[in-house]
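The structure's right below; bear with me while I get my questions together.
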């Protein structure tokens with residue numbers, strides 16, 4: 001074999017070796033980068049899953065709070081309606097104490113008025129106690 005072919009073959013071998021080394025280096029760098037990116041992706045997927053669990057828990061809490069607010073609002077509305085009905089009833093009953101009718105009746109039959117007032121007062125206090133107990137029972 002001639003010397004110039006040998007030199008060309010050696011030169012081609014050296015070029016192939018150099019290219020092989022460069023390509024291996026590039027391959028190794030890319031493989032390392034892929035591994036790093038895969039690890040990052042796995043970590044981020046775990047973080048997303050943890051955040052989804054937190055979001056679900058917070059959504060449950062918000063739903064419970066909304067339900068509680070709705071119940072409280074409904075109970076408050078009922079109490080205001082009841083208070084309004086009682087207020088109207090009290091106003092109607094207080095009309096008895098207006099005008100000359102009560103004065104003349106009190107002058108004619110003081111015992112009757114006193115007995116009726118005492119009986120009504122007892123009923124009012126019993127009703128207040130009952131309402132207070134009902135209110136305490138609903139809030140516990």
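Derivation of every value follows stated rules applied to the coordinates shown; laboratory data play no part. Here the structure is a predicted model, which means the values were calculated and not measured. Neighbour counts run over all protein chains shown; Cβ positions are idealised from the backbone, glycine included.
With only alpha-carbon atoms counted, please give the Rg and Dmax of segment 29-105, in Å.
Over segment 29-105's Cα set, Rg and Dmax evaluate to 33.1, 111 Å.
Let me ask something additional. On C-alpha positions alone, give me the angle between the axis of helix 110-139 and the longest principal axis of the chain, in degrees, nearest 10.
Once rounded, one gets 10 degrees.
Moving on. Of [x] 55, 35, 23; [y] 41, 40, 28; [z] 154, 26, 11, which one was derived for Cα extents along the principal axes in Å from the structure shown?
Looking at Cα extents along the principal axes in Å for this model, the match is [z].
Taking neighbour Cβ counts within 10 Å as the exposure measure, how do 91, 82 sort from fewest upward? Don't skip to the end; give the middle numbers.
Details: 91 9, 82 13.
Least to most surrounded, the residues fall as 91, 82.
Sort largest first and round to whole Å: the equivalent ellipsoid semi-axes of segment 60-128, each the square root of five times a Cα gyration tensor eigenvalue. Write down the numbers at each step before the final one.
Values: eigenvalues 388, 32, 4 Å².
Calculated on Cα positions only, the semi-axes equal 44, 13, 4 Å.
Quick one: compute a quarter of the convex hull surface over the Cα atoms of segment 1-65 and quote it in nm². Spell out each step's value before the answer.
On the way: hull surface 20.7 nm².
Dividing the Cα hull surface by four gives the mean projection, 5.2 nm².
If you don't mind, there's one more thing I want to ask. How much length would be gained if the chain were fully extended between residue 108 and residue 123, taking 0.36 nm per residue of separation minus their Cα-Cα distance, in nm to one decimal? Each step should come with its number before you reach the end.
Details: separation 15, 0.36 × 15 = 5.40 nm, distance 2.48 nm.
That works out to 2.9 nm of additional length.
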